Ligand SMILES: [Zn+2]
Ligand SMILES: [Zn+2]
């Protein structure tokens, strides 16, 4: 049972940034090491590297994602999750996450982008509703990325509770305040529904440069304005973040994770 203690007048203590891009995406400007160092400077205990899936122009190839297994579990004092921002490709909810990469990916953010979601086609509300309902069924997906876009509007009332039932985190994306301002009205409507239906959310930077890692000021202001229950914000508490990782990922089974937790490293 979630107690609806709202955020009015309070600040949140964020502990993780779970959506960011490195130079491997080729339209982002910092290295993985720089991104993780930025998360460490914020005092975060976890971060996910989520470069774009194969369909995005300039995206890294399969060898990049498969080889992420070489990355240390704890890097610069930060729990590192190997992830991808996968593109939703069609109304059946298919993603560009390759099967050979899927076994390595611990943190999949599923998003719709103009260049990769049936470019040139005008989508109906029903089409996008169907696509998200299908994505909700995909156990690999943890986060529903920046779903407030005007061009990909859908039946929020129907789909948002479904995301909650299937354990997906609805993302409040700080990058939207910079590059998708037209979506903000929809984002607020989505957050109101998350509050009403007690659907868990995550605030992410979607940083494409290290300076933006962990910068959540505008997202936090929106949540405060909505008097959003902090208990539903998964990355505003270490315990909540760990609880989600335990429930939906295999990361806590990694001996290096256990060692870092018992050793007090993270
Ligand atoms: Zn995106
Ligand atoms: Zn992104």
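The values are calculated or read from the model by the stated rules, or taken from the named source; none is laboratory data. This structure is a prediction, so every number in the text was calculated from the model and none was measured. Cβ: placed from backbone, ideal geometry, glycine included. Neighbour counts: every protein chain shown.
Being assigned to a loop (DSSP other than H, G, I, E, B) and buried (at least 19 other Cβ atoms within 10 Å of the Cβ) is the filter here; which residues of region 237-265 pass it?
Matches in region 237-265: none.
Hey, among the residues in region 176-200 that are outside any helix (DSSP H, G or I) and modelled with pLDDT of 95 or more, which one's farthest from residue 148 (Cα to Cα)?
198
So is residue 54 within 16 Å of ligand 2 (Cβ to nearest atom) and in a helix (DSSP H, G or I) or not?
No, not satisfied.
Does residue 138 meet the test of being out of contact with any helix residue (DSSP H, G or I) (no Cβ under 6 Å at 6 or more places or on another chain) and either modelled with pLDDT under 95 or in a helix (DSSP H, G or I) (or both)?
Here the answer is no, as residue 138 does not meet what is asked.
Every residue, every condition in (1) buried (at least 23 other Cβ atoms within 10 Å of the Cβ); (2) on the phi > 0 side of the Ramachandran plot; (3) within 16 Å of ligand 2 (Cβ to nearest atom), yes or no:
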| site | (1), (2), (3) |
| --- | --- |
| 129 | no, no, no |
| 133 | no, no, no |
| 138 | no, no, no |
| 148 | yes, no, yes |
| 160 | yes, no, no |
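Can you find a residue that is surrounded by fewer than 23 Cβ atoms within 10 Å (Cβ to Cβ), farther than 29 Å from residue 239 by Cα and touching a helix residue (DSSP H, G or I) at 6+ places or on another chain (Cβ under 6 Å) anywhere in region 77-88?
no
Tell me yes or no: at least one residue of region 176-197 is away from ligand 2 (no atom under 16 Å from the Cβ) and within 25 Å of residue 80 (Cβ to Cβ). Steps first, please.
Applying the first criterion (away from ligand 2 (no atom under 16 Å from the Cβ)) to region 176-197 yields 181-182, 184-186, 188-197.
Still in the list and also within 25 Å of residue 80 (Cβ to Cβ): none.
Within region 176-197 (the criterion being away from ligand 2 (no atom under 16 Å from the Cβ) and within 25 Å of residue 80 (Cβ to Cβ)), the answer is no, since none of the residues qualifies.
Tell me, which residue of region 81-103 that is free of Cβ contacts under 8 Å to residues at least 40 places away in the same chain and part of a strand (DSSP E or B) is nearest to ligand 1 (Cβ to nearest atom)?
It comes out as 87.
Looking at residue 69, is it touching a strand residue (DSSP E or B) at 6+ places or on another chain (Cβ under 8 Å), away from ligand 1 (no atom under 16 Å from the Cβ) and in contact (Cβ under 8 Å) with a residue 24 or more places away in the chain?
Yes, satisfied.
Would you pick out the residues in region 201-236 that are closer than 20 Å to residue 50 by Cα and in a loop (DSSP other than H, G, I, E, B)?
Taking region 201-236 as the starting set, the residues that turn out to be closer than 20 Å to residue 50 by Cα are 201-216, 219, 233-236.
The answer is 205, 206, 208, 209, 213, 214, 215, 216.
Residues in region 163-179 that are surrounded by fewer than 18 Cβ atoms within 10 Å (Cβ to Cβ) and free of Cβ contacts under 8 Å to residues at least 40 places away in the same chain: how many? Before the answer, list the steps.
Residues of region 163-179 surrounded by fewer than 18 Cβ atoms within 10 Å (Cβ to Cβ): 165-167, 178-179.
From what is left, the residues that are free of Cβ contacts under 8 Å to residues at least 40 places away in the same chain are 165-166, 178-179.
Looking only at that region, the number is 4.
Could you figure out which of (1) within 21 Å of residue 225 (Cβ to Cβ); (2) within 16 Å of ligand 1 (Cβ to nearest atom); (3) part of a helix (DSSP H, G or I) isn't true of residue 151?
Just one mismatch for residue 151, condition (1).
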